[in-house]
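The values are calculated or read from the model by the stated rules, or taken from the named source; none is laboratory data. Computed from a predicted model, the values in this text were never measured in an experiment. As a convention, Cβ positions derive from the backbone with ideal geometry for all residues, glycine included, and neighbour counts pool all protein chains shown. These accessible areas exclude ligands, DNA and RNA; they are computed on the full protein's heavy atoms, side chains included. Shrake-Rupley method; radii C 1.70, N 1.55, O 1.52, S 1.80 Å.
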Amino acid sequence: MTHVRNTFIYVFILLALFSSVPQSARAVINPMINYQGRLTNASGISVSNGSYNIRFKLYTSLSGGSPIFTEALTGSDRVVVSSGLFSVMVGSTTALTSIDFDQTLYLGVEIGGTDPTTPTWDGEMSPRKIIGSVPTAFVAKNLNGGNATTSNLMVTSSSTLQSLTFTTATGTSATTTNLFATTASTTNF
């Protein structure tokens, strides 16, 4: 009987130890922008099927100005066009990690024909396309370094929590708080 009770106590201690380790999950983002389009000729007819050179540029203004990002999909990275339609991930060959998405940005697109070695750029399409709100989610990756704060509190032995203070975010509406309370059984709030 003592052997069974000792085994039970050891199992209980092991379960308590493993259940008291806080678990955390992190979302991994794909730092690229999905862009889809339809290529037509001057008469509005879809271009021939093939692989096209396409250059993308990001600007901080609707017209004029210098690009803050350029990516040319040429050579083996050319974009496949079928029935005039294409879909690309802007940032697939040139990283977007240095771009500040916490501002209004505009996408310029330019077609360079189908020659895999010597693109013939036809000039940027007009007007530029405004970038929607989804890429601003890149900013969420850096919230802890910005104005928002993250508070983590772990209570391991107290059955009552006397005082709890949270820091609220300034400049954003994001506050993340994780409260882990562990005793003989684990309860996560």
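Below is a table of values for the structure above.
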| read-out | value |
| --- | --- |
| The range 67-78 residues that are outside any strand (DSSP E or B), paired with ones that are open to solvent by less than 40 Å² (accessible area, probe 1.4 Å) and at pLDDT below 95 (beta carbon under 7 Å, 6 or more apart) | Ile68/Ile99 |
| From the options Asn49, Asn6, Asn53, residue that is out of contact with any Leu (no Cβ under 6 Å at 6 or more places or on another chain) and at pLDDT below 95 | Asn6 |
| Counted residues, the range 71-113 - those being aliphatic (A, V, I, L, M) and surrounded by fewer than 17 Cβ atoms within 10 Å (Cβ to Cβ) | 4 |
| Search result, residues across the range 83-107 that are within 9 Å of Phe69 (Cβ to Cβ) and touching a Pro at 6+ places or on another chain (Cβ under 8 Å) | Gly91, Leu96, Leu105 |
